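The block underneath contains the structure these notes are about, expressed in structure tokens.
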Amino acid sequence: MTTALFTHTDCLQHITPPGHPERVDRLMAIYAALDGLDDPNLQRLDAPLGEEEAILRVHPQSHIDRVKAAAPADGYVSLDADTHMSPGSLQAAMRGVGAMTKAVDMVLDGEVQNAFAAVRPPGHHAEKTTPMGFCLFGNIAIAAKHALEVHGLSRVAIVDFDVHHGNGTQDLLWEEERVLFISSHQMPLYPGTGAPSETGVAGNIFNLPFEPFTGSKGFREAYEREVFPALDAFKPELLLISAGFDAHAADPLANLNFTTEDFGWVTERLCDIAETHCDGRIVSTLEGGYDLDALAASVKAHLTVLLERGQP
């Protein structure tokens, strides 16, 4: 088995206004960090364009139409104070959708052991009818529904360790009892959601807020005490990861003060869970991370573990 790495140059054509943290340089820094990752078990693949049918499993047609209609011919358009589109943004977003559905296909068909999608814009803040928080479509929720509806799985788990609450994923999967969504995040912080009391229709939403300056020890202890047991109890057939790296101590948008080593550790432990319950099957996608050096190092640590655990 091998590890698939999905990306596409179209994701460089999503141009945000000067000074915006979710910028092209993020992906360029990741590319540079991964250039030296030379391993015959790493499949570097172009992300295909996603299909509307996949998006419609979580978003209504009106949402797709709104995003399409907003795409400018030149310059920028602002969907809210944080979320912008340029002429290449729609195509980039569709590559993100396509990366995730194709990654799920390949992992569940046994073509690869696990996969990582280095794509942008991110997705975990996009709600059913509201693009927000830099996000247009809910990529990780789309992947979960694709696994359920196309591949016939019964239990899919999502772990989101981005520093911001995955409010979009929560909204899209609030009534989906077949998905366990776990989000750890700093609180208080944007977008202001993610309290433990937000549990979904059947206890399928698990929010784990962290206080500022939680640090490595608090992060690891909480995951060992709460997250991993919840995953063990759920017994997922596929594990999806919203891999945001903005909880890093160097990141400018928050202050949980995690380290690069923490992201390698949590990836390793999630691989343990996946091996126990779903034959090691993991699909991960890039969410946040805005200090370029910290982002590049953290993505490399994350992918290196996936690659090591995906070896035959």
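Each reported figure results from applying straightforward, stated rules to the coordinates on display, with no laboratory input. Note that the coordinates shown come from a computational prediction; the quantities given were computed from them, not determined experimentally. Every residue, glycine among them, receives a Cβ derived from its backbone with ideal geometry; neighbour counts consider all protein chains shown.
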Long-range amide H partners of ARG155 with built H, under 5 Å:
GLU237
Suppose every Lys and Arg Cβ carries +1 and every Asp and Glu Cβ carries -1, with no other charges. What dipole size does the range 134-222 come out with about its Cα centre, to the nearest 20 debye?
240
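So for the chain: antiparallel DSSP bridges make up what percent, rounded to the nearest 5? Provide the component values of the computation, followed by the final result.
Numbers: 3 of 38 bridges.
Here the share of antiparallel DSSP bridges comes out near 10 percent.
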Would you please state which residues of the range 239-269 a label at ASP109 would reach in this model, taking the label point 7 Å out along Cα→Cβ and a backbone N cut-off of under 20 Å?
239-240
Karplus-derived 3J(HN,Hα) from phi for the range 295-309 (6.51 cos²θ - 1.76 cosθ + 1.60, θ = phi - 60°), whole Hz, x at Gly and Pro, runs 4, 4, 5, 6, 4, 4, 4, 4, 5, 4, 5, 4, 5, 4, 7
If the chain between GLN13 and GLU211 were fully stretched, how many nm would it gain, using 0.36 nm times the residue separation less the Cα-Cα distance?
67.7 nm
Any chance you could check the Cα centroid distance between the range 68-116 and the range 238-312 for me, in angstrom?
20
Which of ASN255, THR304, GLY203, positive extreme of dipole for the chain (C-beta unit charges):
GLY203
Which residues qualify? For GLY289, with a placed amide H closer than 5 Å and at least 5 residues away or on another chain, they are PHE245, ASP246
If you stretched the chain out fully between SER154 and ALA195, how much longer would it get, using 0.36 nm times the residue separation minus the C-alpha to C-alpha distance?
12.1 nm
Going residue by residue through the range 77-85, the Karplus relation 6.51 cos²θ - 1.76 cosθ + 1.60 with θ = phi - 60° gives ³J(HN,Hα) values, rounded to whole Hz and with x marking Gly or Pro, of 10, 9, 7, 7, 5, 10, 10, 10, 10
So how do 237-249, 298-310 stack up, highest first, on mean other-Cβ count within 10 Å?
237-249, 298-310
How high is the relative contact order of the chain? Use alpha-carbon pairs under 8 Å, at least six apart in sequence, and give a whole percent.
20
Subtract the Cα-Cα distance of VAL24 and ALA73 from 0.36 nm times their separation in residues, and report this length gain in nm to one decimal.
15.8 nm
Kindly provide log₁₀ I(q)/I(0) values, in the same order as q = 0.08, 0.09, 0.16 Å⁻¹, from the Debye equation applied to equal alpha-carbon scatterers of the chain.
-0.29, -0.37, -1.38
Could you go through the range 244-249 in sequence order and give the Karplus-derived ³J(HN,Hα) for each residue, using 6.51 cos²θ - 1.76 cosθ + 1.60 with θ = phi - 60°, rounded to whole Hz, and x for Gly and Pro?
x, 10, 8, 7, 5, 4
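With only Lys, Arg, Asp and Glu charged, each at its Cβ (+1 for the first two, -1 for the last two), find how big the charge dipole of the range 28-173 is about the Cα centre; round to the nearest 20 debye.
240
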What's the magnitude of the charge dipole for the chain around its Cα centre, counting Lys and Arg as +1 and Asp and Glu as -1 at the beta-carbon? Answer in Debye, nearest 20.
220
Taking a virtual spin label 7 Å from the Cα of ALA81 along the C-beta vector, which residues in the range 124-140 bring their backbone nitrogen under 14 Å of it?
133-134
Please list, ordered by chain and number, the residues whose modelled amide H lies under 5 Å from the amide H of ASP82; skip anything fewer than 5 residues away on the same chain.
GLY133
